[in-house]
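Worksheet: the structure to be examined is printed underneath.
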Amino acid sequence: MNDEKRKSLQSLKTAKGQIEGIIKMIEEDRYCIDISNQIFAAQSLLKKANLIILENHLSHCVKDAFINGNGDEKINEIMKVLDKVITR
């Protein structure tokens, strides 16, 4: 497993722990703003993991596709991801 995957996996595991904590906070009827702040923290970790994964995809999968002459499909994949980011 390369370093980028390790970093994204660590962010996801940390987010998982935070989400479990958020669930517990809700079950314990904790203060709404505290819960919301924890949700933002978990979202930040998910975004971080996603950026690492997308950067890895661009650096390896897309690069290899262009070298092998079939980069158009990879461009379409990236455009779909960007559409999700921009329109949400």
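Annotations
- When +1 charges are put on Lys and Arg Cβ atoms and -1 charges on Asp and Glu Cβ atoms, the dipole computed for the stretch 3-87 relative to its Cα centre reaches about 200 debye.
- Helix runs (DSSP H) in the chain reaching 27 Å along axis by Cα, Kyte-Doolittle at least 0.5: 32-56
- Under 15 Å from the Cα of K24 - aspartates and glutamates, other chains or at least 8 residues apart: D34
- Which listed pairs, of K7/K80; K47/K84; K13/K84; K7/K47; K13/K47, have C-alpha distances above 19 Å, in listed order: K7/K80; K13/K84
- Computed over the stretch 3-87, relative contact order equals 34 percent, with contacts defined as Cα pairs under 8 Å that lie 6+ residues apart.
- The simple Förster model, with R0 at 25 Å and r as the Cβ-Cβ distance, assigns V85 and I39 a FRET efficiency of 0.85.
- Of the options [x] 1.14; [y] 1.02; [z] 1.24, only one is Rg/Rh (Cα atoms, Kirkwood Rh) as computed from these coordinates, and that is [x].
Only the coordinates and a few stated rules stand behind these numbers; no lab work does. Just so it is clear, the structure is predicted and the values come from calculations on it, not from any experiment. Neighbour counts are summed over all protein chains in view; Cβ atoms, including those assigned to glycine, are modelled from backbone coordinates with ideal geometry.
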